[in-house]
Every structure is written in C-alpha cells, then in structure tokens.
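A short write-up of the structure that comes next.
The values are calculated or read from the model by the stated rules, or taken from the named source; none is laboratory data. Given the structure is predicted, the values throughout are model-derived calculations rather than measurements. When we count neighbours, we look across all protein chains shown, and the Cβ atoms used for this are built from the backbone with ideal geometry, even at glycine.
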Amino acid sequence: MNDNNGREWQILEKAVLASVDEQRKARRWGIAFKLLTFIYILAIIIMVSSSNSGAKGTTSSSTEHVAIVELKGEIADGSDANADDLISGLTEAFEAKNSKAVVLRINSPGGSPVQSAYVYEAIKQLRIKYPNKKLYAVITDLGASGAYYIAAAADQIYVSPASLVGSIGVVMQGFGLQELTKKLGVEDRTMTAGQHKAIMSPFSPVSAEEKAHVQKMLDTIHQQFITAVKQGRGQRLKEDPQIFSGLFWTGQQAVELGLADGFGSVKTVNKMVGTDEQVDYTQGANPMDNFIRKLGASMGETIASKLELNNDLTLR
C-alpha cells in the first residue's frame, strides 16, 4: 500500500510539474507574440510615416513651392478621388502663402458628373478669389470624361503626346434579359407603385416613352458638360463637333484641337514659376487604414480600433 501511494504521489507530482511547465511555456510564447506584434505594428507606423513625409514633396510649406493635388482613379463619392477631398486639397493649396502656383495632376478615366461639377465650380471660385495664383492641370496617362470636365476649369492644361484625353459624353449602361428569362422559364414578379418605377429593369422592355425620357436626361447632362468645357477653354477650342461626340484623343491630338495647351509635366510648371520645390496637398484616406484593409477585414478593424486610426472624410 505504501509503495502504491508513493507511486501515485510521484505520478501526481510529475503531472503538476508538467502542467506548471506548460503554463510557463505558454506564458513565454504569449509575451513573445505580443512583443512581436507590437514591433510589427510599430515598424508599419514608421514606414507609413516615412513614406508620408516623403510624399509631401522636397520642402516645407514655409518655402516658395508649387502646390500639387493628385486626382487619381475613378471620381466618385466614397472613392479616393471624391469632391470633398479634392476641394479641400485645392483650397489648402491656394490658401498656402508660399505656393506660387497650383498643379492638379490627373490620371483618371472620369466618373460621377455630380462630383466633377462640384470640383469644377470650386476651382472657378478659387481662381476668382486668388487671381494671381494660376492652376495648371497636368494630365499624365489619362484625363477623360469627368476628369477632363474638372481639368477644363484650369488656367492651362498640359499633357504628354501619348496621354488619352477627352471622352466628352455621358453614358448609361444596361441590359435586356426578358427574352432570356422567357427561355429559362423565369417569371418576373417585380411590383411597383408608380408607372415608371421599374424603368430600365433588365427583365422588362423599355417603352418608347421611357427611352425618350432617359435620352433627354443624358442629353441635358451632356450639354452641361459641353458648356463647362466651352467656358473653361474659350477661344482655344477648335470648331469641330467631334470634340463633344464622346471620342477620346491622344495628347498630341488634344493640343491640335485646343483641348490642351501644350506638352509638359509638373517639372514644366516648376520651371515656369521659378522654383524646383514641390509640396503635396492631396487629401485622402489615412495611409495606415489602406494598409490595414489589405491585412483583412477582421484583423484590420481590430488594429484600427486599438490605434484609433479612423478616416475623417472620405465624376461620368
């Protein structure tokens, strides 16, 4: 009996010691993981901060400089190229005492006509308020549709010979699937209150009345676009109806048609105003948030909430 009791105590002692040892190992791994996570997040913050400071140009706003605002990607509410951020950036650029000129650097296929019109009107007001500070639009790869709408408000537009410019038109896309649904035996059970509430439904034919209504709406928006371009470009535009047909052009053709003033880049503007310095006034999403979103939704939300990294704000 004594031998059995001794063995049982030895087994129990080994089990307790093993449990304590496992707890110690788990605690050490927990501390190591937390430390590595902290170092990882700290490294990300340092990298983002470094890239952010580099993106703000080669000088501080206390030195004479060219102010740059980027218009990149689709113009839409909620996108990086939204009217609120663009207008905020342009306003700060014009207000800066040491900015000798403002450059709107464009690489965009266009987007929302509403957002484009907002920015166009804001630029007109800023030019009136700051008559001695010119705004240059510099189109790199692409400045089409709503992006060109905005560019037309600038004092001058510069392009590369190979840039794509124009596409002054309006489009509403849709599909008709009623014949396909009949073949598949699919019944459309859409119910409405209002005769035209289901207008442009892919499961119903478009009546002549509805088609005329939509076309009138598109024509109205198109005319607003044309008027804005004519007001912005004035006598520089050539008399060519194809300009407003929705076609797009190379930068070289754009200069010939009066859609652009010449070939150049941001450095061209630097030379014209007599300074090599640049400061970026582009507004937008917190760069840390952009990185976090790439890590995955759940992980991103957790880290962002811990670090309190929230966006302040977020044209065709």
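Observations on the structure shown:
- Answer residue from the range 83-117, given it is of a type in the set (Asp, Glu) and farther than 20 Å from Lys134 by Cβ and is farthest from the chain's Cα centre (by Cα) among those: Asp84
- For the range 308-316, the condition of being in contact with a Phe, Trp or Tyr (Cβ under 8 Å, 6 or more places away or on another chain), modelled with pLDDT under 50 and in a loop (DSSP other than H, G, I, E, B) holds for at least one residue.
- Gly169 being assigned to a helix (DSSP H, G or I), under 24 Å from Ala76 (Cβ atoms) and in contact with a Phe, Trp or Tyr (Cβ under 9 Å, 6 or more places away or on another chain): no
- The one condition from (1) assigned to a strand (DSSP E or B); (2) on the phi > 0 side of the Ramachandran plot that Val69 does not meet is (2).
- Where helices (runs of 4 or more DSSP H) fall wholly inside the range 75-158, the ranges with 2 or more residues that are surrounded by fewer than 20 Cβ atoms within 10 Å (Cβ to Cβ) are 83-95, 113-129.
- Of all positions in the range 51-67, none carries a residue that is closer than 16 Å to Gly146 by Cβ and modelled with pLDDT of 95 or more.
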